[in-house]
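Written out below as structure tokens is the structure these notes cover.
The values are calculated or read from the model by the stated rules, or taken from the named source; none is laboratory data. Predicted, not measured: the structure shown is a model, and the values here were computed from it. Backbone-built Cβ (ideal geometry, glycine too); neighbour counts: all protein chains shown. Please note that ligands, DNA and RNA were not included when accessible areas were found on the heavy atoms of the full protein model with its side chains. Shrake-Rupley method; radii C 1.70, N 1.55, O 1.52, S 1.80 Å.
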Amino acid sequence: MRILVAGGAGFIGSHLCERLLEMRHTVICVDNLKTGRLANLSEAKKSRQFKFIKQDIRQPLKVAVDYIFNFASYASPPYYKTWSIDTMLTNSLGSHQLLELARRQKAKYLFASTSEVYGDPLRHPQKETDWGNVNPNGERACYDESKRFGEALTMEYVRKFRLNARIIRIFNTYGPRLQKDDGRVISNFINQALRGEKLTVYGSGCQTRSFCYVDDLVEGIVRAAFLPKTRGEVFNLGNPNEFTILEAADMIKELMGKVLKTVYKPLPADDPVRRKPDISKAYKILRWSPRVPLREGLLRTIEWYQKKK
Ligand code: UDP
């Protein structure tokens with residue numbers, strides 16, 4: 001297949017490009033390189049089946065494709081808050097461009113949505129049928145609401161044009177290539193520990209997240225994309241093992257063998273209190289569940305940052 005990966009130079013997108021190349025597909029990566037990095041594509045670029053186009057997805061693309069993976073968006077809270085309007089337009093106008101491309105070419109489509117559509121969840125763990133508890137005009141709304149719009153638009157293309165599309169909701173993911181300055185908790189903690197600094201815990205540190213190792217996530221993405229019975233479906237993809245932020249900090253200190261202090265900082269606005277995916281649907285339809293425990297994934301990630309230093 002000829003596959004377009006929008007946002008393919010990003011953290012998850014670049015791992016996905018490599019996996020699709022291993023599966024012998026032709027991969028066309030489109031990325032505006034605002035947060036994506038060409039360095040993330042150094043492996044992919046070794047393949048003759050790989051092509052890179054530097055372009056913003058809000059501009060029309062002229063490429064022949066059989067499948068579109070839409071991963072193009074700012075994704076970490078500090079980035080999407082800084083480039084809030086760009087984030088909103090990428091997920092709305094950009095998604096529209098890619099959906100039109102898919103419709104015209106009768107290509108398949110996968111939209112990378114987010115656990116943020118659940119907002120500060122009312123039910124725990126979160127199920128695909130939950131509608132979300134989102135502040136529509138708060139600081140995170142630029143991301144949450146534009147991803148929700150991206151989902152709604154995708155489903156309208158399924159209903160109106162019978163587009164063969166599906167949506168995945170990605171929960172917190174970590175691993176090699178998570179940019180060290182993108183402000184997310186795992187990259188912050190590991191890099192603070194490497195520099196011998198105090199770990200910055202926002203709020204009490206009792207809020208929870210469940211962290212999925214990137215290879216596990218990519219396996220889930222590929223299954224959601226290519227297995228039967230996925231058209232028009234929404235899948236939670238994430239690791240259901242839940243940790244408080246303090247537990248994650250302790251684990252990183254222990255794995256790195258460092259005695260480090262913790263400094264408490266204010267909790268960002270609308271920061272969800274709990275987050276954990278119910279992945280029973282992904283298990284039932286895709287036979288997917290994550291395999292890499294947090295300790296092991298953290299060790300691999302720490303090793304990658306150490307090598308990069
Ligand atoms: N967080 C933290 N210290 C940091 C960065 C983040 O305590 O240096 C907290 C943040 O407030 C949130 C959780 O860790 O409760 C996960 O934040 P992240 O930005 O990684 O992703 P989010 O799940 O909020 O999108």
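Overview of results
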read-out	value
Filter result for the condition that a residue is out of contact with any Leu (no Cβ under 9 Å at 6 or more places or on another chain) and over 20 Å from N191 (Cα atoms), over R223, R275, R209	R275
N172 being of a type outside the set (K, R), free of Cβ contacts under 8 Å to residues at least 40 places away in the same chain and in contact with a strand residue (DSSP E or B) (Cβ under 8 Å, 6 or more places away or on another chain)	no
Residue ID - farthest from the ligand (Cβ to nearest atom), chosen from residues in the stretch 200-209 that are surrounded by 14 or more Cβ atoms within 10 Å (Cβ to Cβ) and either in contact (Cβ under 8 Å) with a residue 60 or more places away in the chain or among the polar types (S, T, N, Q) (or both)	T208
Answer residue from the stretch 114-133, given it is more than 13 Å from the ligand (Cβ to nearest atom) and in contact (Cβ under 8 Å) with a residue 12 or more places away in the chain and is nearest to P268 (Cα to Cα) among those	N133
Some residue of the stretch 143-150 being more than 18 Å from the chain's Cα centre (by Cα) and surrounded by fewer than 22 Cβ atoms within 10 Å (Cβ to Cβ)	no
Residues being within 13 Å of the ligand (Cβ to nearest atom) and not β-branched (V, I, T) - total across the stretch 157-174	4
Cross-chain or 6+ apart pairs with Cβ under 8 Å, the stretch 74-90 first and within 18 Å of S115 (Cβ to Cβ), then open to solvent by 60 Å² or more (accessible area, probe 1.4 Å) and among the hydrophobic types (A, V, I, L, M, F, W, C)	Y74/W83
Filtered residue count, the stretch 243-263, keeping only those that are touching a residue at least 40 places away in the same chain (Cβ under 8 Å), open to solvent by 40 Å² or more (accessible area, probe 1.4 Å) and under 23 Å from the mean Cα position of the chain (by Cα)	2
Hits in the stretch 268-309 (condition: open to solvent by less than 90 Å² (accessible area, probe 1.4 Å) and aromatic (F, W, Y))	W288, W304, Y305
Pair list, Cβ under 8 Å, 6 or more apart: the stretch 182-199 residue among the basic types (K, R), other residue assigned to a loop (DSSP other than H, G, I, E, B) and open to solvent by 40 Å² or more (accessible area, probe 1.4 Å)	K198/K261
Single condition V222 does not satisfy, out of (1) away from the ligand (no atom under 13 Å from the Cβ); (2) among the aliphatic types (A, V, I, L, M); (3) in contact with a Phe, Trp or Tyr (Cβ under 8 Å, 6 or more places away or on another chain)	(3)
Hits in the stretch 247-288 - residues which are part of a loop (DSSP other than H, G, I, E, B) and within 11 Å of the ligand (Cβ to nearest atom)	P266, L267, P268, A269, D270, D271, P272, V273, R274, R275
